[in-house]
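Worksheet: one structure, shown below.
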Amino acid sequence: MRIVKRLFIWCRNLFFGLVAFSILAVVIYKYVPVYYTPLMFIRLCEKDGAGGIDHQWTPIEQISRSMIQAVVASEDNLFMEHHGFDRKQIGRAIDDAQKGRRLRGASTISQQTAKNVFLWPARSYFRKGLEACFTLLIEWIWGKERIMEVYLNSVETGTGIYGVEAASLAYFGKRAYELTQEESALLAITLPAPRKMNPKQVSAYMRGRQRHILSLMKKIAPVDMGYRYPESSR
């Protein structure tokens, strides 16, 4: 019984320690730029470090409004309304899975940000549970503007490329605040498969998706994070 009691106390202390550490990490990243993510290190190990990491942290004020509008239209058009989870998309994904259809993504930008910054890219209920916890924390502690800023800086945008600033320089030879609507839409559609789709090699499928995203960008409400954008991004 004494061993069981000690084990229980150890597990309890470990649990509360991990919770405290998680909250502390989220609080720190509310103010500190996220220069490295678990995915970056995983990709380095996959390639034995070849190619390195192309990543440049850029404040959201220096990212084109068009880029923000494009990722919302492409990835999560209810981003400004939900509290981390899109229940309709989750319901549709579950329904498709039950009917044996192709698995569809239902992750919001908040969920993707939580996964990118704090977790690893694996399909498991355990990882999804942790993702849900971190999603709630960043929605509560960070707020929408910081979530969008971290997402646009941490998302994988190509082989060894992370964030829209590095992607903008690599694919278009310009800074992120200079991206046009067309370029932003083209970059946004590559995010689900950044190592397979390249904005420099535009296929007919990508061009069609680009037109669709541009159309959605006109229909959804402007995403205004409450700060001034560089004049060249208007």
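The values are calculated or read from the model by the stated rules, or taken from the named source; none is laboratory data. This is a predicted model, so every value here is computed, not measured. Neighbour counts are summed over all protein chains in view; Cβ atoms, including those assigned to glycine, are modelled from backbone coordinates with ideal geometry. Side chains included, ligands, DNA and RNA excluded: accessible areas come from the protein's heavy atoms. Shrake-Rupley method; radii C 1.70, N 1.55, O 1.52, S 1.80 Å.
Below are the figures for this structure:
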read-out: Filtered residues of segment 129-171 (kept if part of a helix (DSSP H, G or I), open to solvent by less than 20 Å² (accessible area, probe 1.4 Å) and within 13 Å of Thr113 (Cβ to Cβ)); value: Glu131, Thr135, Ile138, Ile147, Met148, Val150, Tyr151, Leu152, Asn153, Ser154
read-out: Complete set of residues in segment 147-171 that are of a type in the set (Phe, Trp, Tyr) and more than 14 Å from the chain's Cα centre (by Cα); value: Tyr171
read-out: Residue ID - farthest from Glu149 (Cα to Cα), chosen from residues in segment 62-80 that are open to solvent by 30 Å² or more (accessible area, probe 1.4 Å) and touching a Leu at 6+ places or on another chain (Cβ under 8 Å); value: Asn77
read-out: Flag if Ala97 is at pLDDT 95 or above, open to solvent by less than 90 Å² (accessible area, probe 1.4 Å) and part of a helix (DSSP H, G or I); value: no
read-out: Residue pairs meeting the criteria (Cβ under 8 Å; at least 6 apart or on separate chains; first under 12 Å from Ala188 (Cα atoms), in segment 149-166; second assigned to a strand (DSSP E or B) and open to solvent by less than 10 Å² (accessible area, probe 1.4 Å)); value: Val155/Tyr162; Glu156/Tyr162; Gly163/Thr157; Val164/Thr157
read-out: Restricting segment 172-218 to residues that are closer than 17 Å to Asn153 by Cα and small (Gly, Ala, Ser), the residue that is surrounded by the fewest Cβ atoms within 10 Å (Cβ to Cβ); value: Ala193
read-out: Residues that are assigned to a helix (DSSP H, G or I) and either without any contact (Cβ under 8 Å) to a residue 60 or more places away in the chain or farther than 14 Å from Val34 by Cα (or both), drawn from segment 115-128; value: Lys115, Tyr125, Phe126, Arg127, Lys128
read-out: Where a residue in segment 99-114 is more than 16 Å from Ala193 (Cα to Cα) and its partner, wherever it lies, is at pLDDT below 55 and open to solvent by 70 Å² or more (accessible area, probe 1.4 Å), with Cβ under 8 Å and at least six apart; value: none
read-out: Selection from segment 27-85 of residues that are among the aromatic types (Phe, Trp, Tyr) and touching a residue at least 24 places away in the same chain (Cβ under 8 Å); value: Tyr29, Trp57, Phe79, Phe85
read-out: Flag if Val26 is at pLDDT 90 or above, under 16 Å from the mean Cα position of the chain (by Cα) and farther than 21 Å from Leu191 by Cα; value: yes
